[in-house]
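**Q** Mind looking over this structure? Questions follow.
Any read-out appearing in this document is the output of simple, stated calculations on the displayed coordinates, not a laboratory observation. Note that this is a predicted model, so its numbers are computed, not measured. Every residue, glycine among them, receives a Cβ derived from its backbone with ideal geometry; neighbour counts consider all protein chains shown.
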Amino acid sequence: MEYRRNWAAANRTLRNANVTMPLNHEDDDLFELSPHTSPLRNSDNESDLEQDEPSPKCARTSPQPSLPLHDDVDSDVIERNDGSSSNSEDVNVNDDSLCEGTNGHPDLPACARTLLHTSRSISIQKKSGMEYVYFPLAAQLLHHFKRYPAETVRGMDTLEISLNVDGLPLFKSSSTNLWPVLCAIVNVKPIIVFPVVLTCGSSKPKDLEFLEELINDLDNILKDGVQDGDRVLSVSLRCVVCDAPARALVKGTKLCSGYFGCDKCAQKGLWVGRVTYPQIKNVELRTDASFRQQVNEEHHHCVSPFCNLPVDVVKKFPIDYMHQLCLGVMRKLILAWMRGKRDVRMSAGHVEAVSKKLVELKPFVPTVFARKPRGLAESDRWKATEFSVASSILVSPALAQSHKDYAKQLMEYFVEQGKLLYGDEFLVYNVHSMIHLADVVGEFGSLDACSSFPFENYMQKLKRLVRSGRNPIAQIAKRMSEYSGTVEDTRQCFPVG
């Protein structure tokens, strides 16, 4: 949203400048918009950069006092920050009178596309039944690594990255989905998230061809590193974070609703109105070797491209506690307490009392918490952070390693008691996966070190880059080219991980 505001404000400035000469690239650094600019109201009538019809002539009605360009742009943004819609149409520059009012800067471009270095053509391919765009991984890593202050990365010789694959519906009234592959540099704070693959279509990818180009690049980068001037930065893969359906897709395995759907153990599920996993202790764990050899054939659909990488394809795909613990188990519990069977359901009076207590806590919750408490009546709209209070040991980097064995015992006890309280049908895949969370912490340090929270936040940024249903993948790709040009979106950074 901040990017769209800055883009709209810059475009209005250019339309009112009305100049004829192209942009001098020596002045690129002068076009940073003021961080104090107040928010613009979003307009549904904003057109995308693909439109090329000329717009009516615009000129300032009176000359303005000469200001430095940076101050001029800032003042114009503030002056015109009225929520009016903007477009990217070219200004008609055939009339010499349009040069009036350029405020001493005849080198301003006539179009926002020149200022923002917008790509005029995007190479869109067809892969996995989807439209496909690939951003070379090595170039992306170097570009975003150089965004960090020099003192932050001085002496660093290793980049640790995480990947994320997930689906994102773009429109409420359409089946169009975006399936990006996101990458994050996770051993530097704040974490920076960026896309390396974009796929778009009416359903999920029909095969794993859309991963092949990325996997080939990643294989070379893991072996040879990336060249940064006169030094080579080695690269390691921390993890591939996905929710359960996406993880099954990219690993080429059965869905979690299948009898052999657990990707951490080889336990066969039991049908109790749904597939459940009744065994809690002494389960047979999967290993990298058993996965590659497909010892449990019922678990596999195909060979995953990730098997071509020199990584552990079991441990490098952690359980994502955001989806499986917060949005899975905790939401399931709250809904059971509110709307479940009579022997476990709270009365209406108890629900109201709990809601009242939650709302009363609201003034005392500090700003470090992402969301304030809400009543149980709104639990259907709760976000993952509102469900995340019940796993404090495994989330805390200070407690996770020293107390992970105790946390594992607590999780096993929770699953056992859940079966007694809520019945055999309670032990679905999400609940079963709780017994594996402590093993994930043993590998990565804490649950936040391998969660999808930063990626989910960035997915919403991608969605906001789409302004219409016409060629959405090209719209996103063009906006990404602008990010790497004169406009830098520092809000892509996340302080967690």
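**Q** With Cβ to Cβ distances under 15 Å as the rule, what net charge do the other residues near residue 419 carry (K, R +1; D, E -1)?
**A** -1
**Q** Give the residue from 197, 232, 242 lying farthest towards the positive end of the charge dipole for segment 190-248; charges sit on Cβ (+1 for Lys and Arg, -1 for Asp and Glu) and the dipole is referred to the Cα centre.
**A** 242
**Q** Tell me, in nm to one decimal, what length is gained between residue 409 and residue 285 on full extension, where the rule is 0.36 nm per residue of separation less the Cα-Cα distance?
**A** 42.9 nm
**Q** Go ahead and run the numbers for FRET between residue 417 and residue 121, Cβ-Cβ distance against an R0 of 56 Å, rounding to 0.05.
**A** Efficiency for this residue pair is about 0.40.
**Q** Further question: So if R0 is 41 Å, what FRET efficiency would residue 139 and residue 372 give, r being the distance between their Cβ atoms, rounded to the nearest 0.05?
**A** 0.50
**Q** Name the residue farthest towards the positive end of the dipole of segment 271-412 from the options 351, 277, 406, assuming +1 on Cβ of Lys and Arg, -1 on Cβ of Asp and Glu, about the Cα centre.
**A** It is 351.
**Q** What whole number of Å gives the distance from the Cα centroid of segment 222-301 to the Cα centroid of segment 148-216?
**A** Each part reduced to its Cα centre gives a spacing of 19 Å.
**Q** Sort 353-359, 452-458, 130-136 for me by packing, meaning the mean count of neighbouring Cβ atoms within 10 Å per residue, highest on top.
**A** The most tightly packed comes first, giving 452-458, 130-136, 353-359.
**Q** Give the lysines whose C-alpha is closer than 19 Å to that of residue 461, dropping any in the same chain fewer than 8 places away, or say none.
**A** The qualifying lysines are 172, 383, 478.
**Q** Assuming R0 = 22 Å, can you tell me the calculated FRET efficiency for the pair residue 232 and residue 481, based on Cβ-Cβ distance, to the nearest 0.05?
**A** 0.25
**Q** If the only charges are +1 at each Lys and Arg Cβ and -1 at each Asp and Glu Cβ, what is the size of the charge dipole of segment 279-405 around the Cα centre, to the nearest 20 debye?
**A** Using only the charged Cβ atoms, the result is roughly 600 debye.
**Q** Further, regarding this structure: Extension gain residue 212-residue 364, at 0.36 nm per residue separation less the Cα-Cα distance, in nm?
**A** Between residue 212 and residue 364, full extension yields 49.7 nm more.
**Q** Modelled label-to-label distance, residue 303 and residue 272, 7 Å Cα→beta-carbon offset: nm?
**A** According to this spin-label approximation, the distance is 3.9 nm.
**Q** For segment 161-220, just say rounded, prolate or oblate: build the C-alpha gyration tensor, square-root its eigenvalues into a ≥ b ≥ c, call rounded for a/c under 1.5, and beyond that prolate if a/b exceeds b/c, oblate if not.
**A** oblate
**Q** If I take every Cα pair under 8 Å that is 6 or more residues apart in segment 143-223, average their sequence separation and divide by the length, what percent do I get for the relative contact order?
**A** Relative contact order here is 22 percent.
**Q** Now a separate question. Relative to the present Cα-Cα distance, how much length would full extension add between residue 255 and residue 220 at 0.36 nm per residue of separation?
**A** 9.6 nm
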